[in-house]
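Here the structure is laid out as structure tokens; the discussion comes afterwards.
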Amino acid sequence: MSFQEPEYIGNIQRMTYLSDMEALIARRQADSAAERDRFMADYPRDIEEKRRRYLDMLGWPLNAPRPAGSAPRADYTPIGADGQTDIFRVAVEALPGFRFGGLLFRQRGGAARPLVISQHGGLGTPELVGGLYRGGDTGNYNDMTRRVLARGAHVFSPQLLLWDQEKYHIHYDRRLIDNQLKQLGGSIAALEIDAIMRAVDVLAAEPWVDAGRIGMVGLSYGGFYALFAAAADIRLKSCVAAGFFNDRIAYNWFDWTWKDAARTFLDAEVGALVAPRGLHLQLGTRDDLFAEQPARAEFERLARYYERAGCRDRLSIEFFDGTHEFSRSEETIDALMKDLA
């Protein structure tokens, strides 16, 4: 071919294509809040239909029928004790051939007690959150698990696919696994939330657990799982989600993103599914991952839903002087335990 041109000449068309695509998305995003308002117009009257839509958005196995009449099989392995607490490593067969587990901190004594799920975040483990490593330092979790234990509740702390690969030398590709599950109609979030729910099936059936008093706390990714699990499972009577709740268009990480979420369920709408149960949020004002101002704006949306549900007093948020960490204040843990009283 005799005609040729420098490579950069076509860049005008390429740049136009990119800028037009970005502008198209921005226009759609600008419209999405109004679309969510229309989607939630009948709230809270149709909350259970909204929950079904939410579970379907997250995908398999949350939107699949649950086997009737059979609790998952579970193994408890005692590993130690601390004060009035016996510690077990628990393994639950969440799905056939799929084992899920974590640490159980079981209070001694015969009376049925509340159960709180204490969820680690990115690079975390149940052992770290529970202070089991040498020195007992829990990092930015600020003794989250032990502070719940001090209130007399049992604590189950699950292990999610988020551990530090360099420290533990067990490597995985969370994005690849999420992609694979999404090709199969699910997501890593759906699988792990379902596994948490299956663990609740097991623990709630124990005589030493008061099945009417189950809650969840978590930081960062753990805050994500606390909020999203509470929206999925009405057995969770209260939750504390720290270092997560925010503007999900601004913070649309791959495993926090599903088809049509911006038009149906972002953080405020997910939180609305927790009502009328307790929901308590935290964010450090110096958090280097998630900004304060968009969290405040999203919380205003959420507060309006709780007002419509007639339970504004069950919702709170704590903005504290801190970084990406669980608040050292007792405010939200006190609120959680009051909900579980």
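Taking the residues in segment 147-178 that are of a type in the set (A, V, I, L, M) and exposed (fewer than 12 other Cβ atoms within 10 Å of the Cβ) as candidates, determine which candidate is nearest to the chain's Cα centre (by Cα). Spell out how you get there, then give the answer.
Our first condition is that a residue be of a type in the set (A, V, I, L, M); within segment 147-178, this holds for 148-150, 153, 155, 160-162, 170, 176-177.
When the remaining residues are screened for being exposed (fewer than 12 other Cβ atoms within 10 Å of the Cβ), the result is 170, 176.
Details: ILE170: 23, LEU176: 20 Å.
In this case the residue turns out to be LEU176.
Is at least one residue of segment 186-201 among the acidic types (Asp, Glu) and touching a Phe, Trp or Tyr at 6+ places or on another chain (Cβ under 8 Å)?
So in segment 186-201, the residues among the acidic types (Asp, Glu) come out as 192, 194, 201.
If we keep only those that are touching a Phe, Trp or Tyr at 6+ places or on another chain (Cβ under 8 Å) too, we end up with 192.
Checked against the condition, which is being among the acidic types (Asp, Glu) and touching a Phe, Trp or Tyr at 6+ places or on another chain (Cβ under 8 Å), segment 186-201 yields at least one hit.
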Go through segment 42-73 and give me each residue that's touching a Ser or Thr at 6+ places or on another chain (Cβ under 7 Å) and at positive phi.
GLY59
Go through (1) touching a residue at least 12 places away in the same chain (Cβ under 8 Å); (2) within 17 Å of ALA229 (Cβ to Cβ) one by one and return the number of the condition SER32 breaks.
(2)
From the residues in segment 317-335 that are of a type in the set (Asp, Glu) and farther than 16 Å from MET216 by Cα, which one is surrounded by the most Cβ atoms within 10 Å (Cβ to Cβ)?
GLU325
Identify the single condition in (1) of a type in the set (A, V, I, L, M); (2) touching a Leu at 6+ places or on another chain (Cβ under 9 Å); (3) within 16 Å of PRO114 (Cβ to Cβ) that MET197 does not satisfy, given that it satisfies every other one.
(3)
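Can you pull out every residue in segment 77-94 that is surrounded by 14 or more Cβ atoms within 10 Å (Cβ to Cβ) and at pLDDT 95 or above? Spell out how you get there, then give the answer.
Of segment 77-94, the ones surrounded by 14 or more Cβ atoms within 10 Å (Cβ to Cβ) are 82, 85-94.
Once the filter is applied, which keeps residues that are surrounded by 14 or more Cβ atoms within 10 Å (Cβ to Cβ) and at pLDDT 95 or above, segment 77-94 yields THR85, ASP86, ILE87, PHE88, ARG89, VAL90, ALA91, VAL92, GLU93, ALA94.
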Please enumerate the residues belonging to segment 130-146 that are crowded, with 20+ Cβ neighbours inside 10 Å and out of contact with any Leu (no Cβ under 8 Å at 6 or more places or on another chain).
THR145, ARG146
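Kindly check whether there is at least one residue in segment 256-268 that is within 27 Å of LYS182 (Cβ to Cβ), crowded, with 24+ Cβ neighbours inside 10 Å and at pLDDT 95 or above.
So in segment 256-268, the residues within 27 Å of LYS182 (Cβ to Cβ) come out as 256-268.
Next, from what is left, pick out any that are crowded, with 24+ Cβ neighbours inside 10 Å: 265, 267.
Among the residues that remain, those that are also at pLDDT 95 or above are: 265, 267.
Yes, segment 256-268 contains at least one residue that is within 27 Å of LYS182 (Cβ to Cβ), crowded, with 24+ Cβ neighbours inside 10 Å and at pLDDT 95 or above.
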In segment 200-226, how many residues are aliphatic (A, V, I, L, M) and surrounded by fewer than 24 Cβ atoms within 10 Å (Cβ to Cβ)?
7
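Restricting to helices (runs of 4 or more DSSP H) lying wholly in segment 43-157: which have 1 or more residues that are touching a helix residue (DSSP H, G or I) at 6+ places or on another chain (Cβ under 9 Å) and farther than 18 Å from MET216 by Cβ? If you could, list the steps in order and put the result at the bottom.
Details: elements: 47-58, 126-129, 144-149.
The helices (runs of 4 or more DSSP H) meeting that bar are 47-58.
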Filter segment 208-260 for residues that are among the aromatic types (Phe, Trp, Tyr) and in a helix (DSSP H, G or I); which is farthest from GLN107 (Cα to Cα)?
PHE254
Somewhere in segment 10-20, is a residue hydrophobic (A, V, I, L, M, F, W, C) and under 27 Å from ALA190 (Cβ atoms)?
no
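Filter segment 282-340 for residues that are outside any helix (DSSP H, G or I) and aliphatic (A, V, I, L, M); which is farthest from LEU123 (Cα to Cα)?
The initial filter retains those residues of segment 282-340 that are outside any helix (DSSP H, G or I), namely 282-291, 309-311, 315-330, 340.
Okay, now just the ones that are also aliphatic (A, V, I, L, M), so 283, 289, 291, 309, 315, 317, 340.
Numbers: LEU283: 19, LEU289: 15, ALA291: 21, ALA309: 36, LEU315: 29, ILE317: 25, LEU340: 29 Å.
Residue satisfying both the conditions and the ranking: ALA309.
The values are calculated or read from the model by the stated rules, or taken from the named source; none is laboratory data. In this text the structure is predicted, and so the values were computed from the model without any measurement. In this analysis, Cβ positions are derived from the backbone assuming ideal geometry, glycine residues included, and neighbour counts consider all displayed protein chains.
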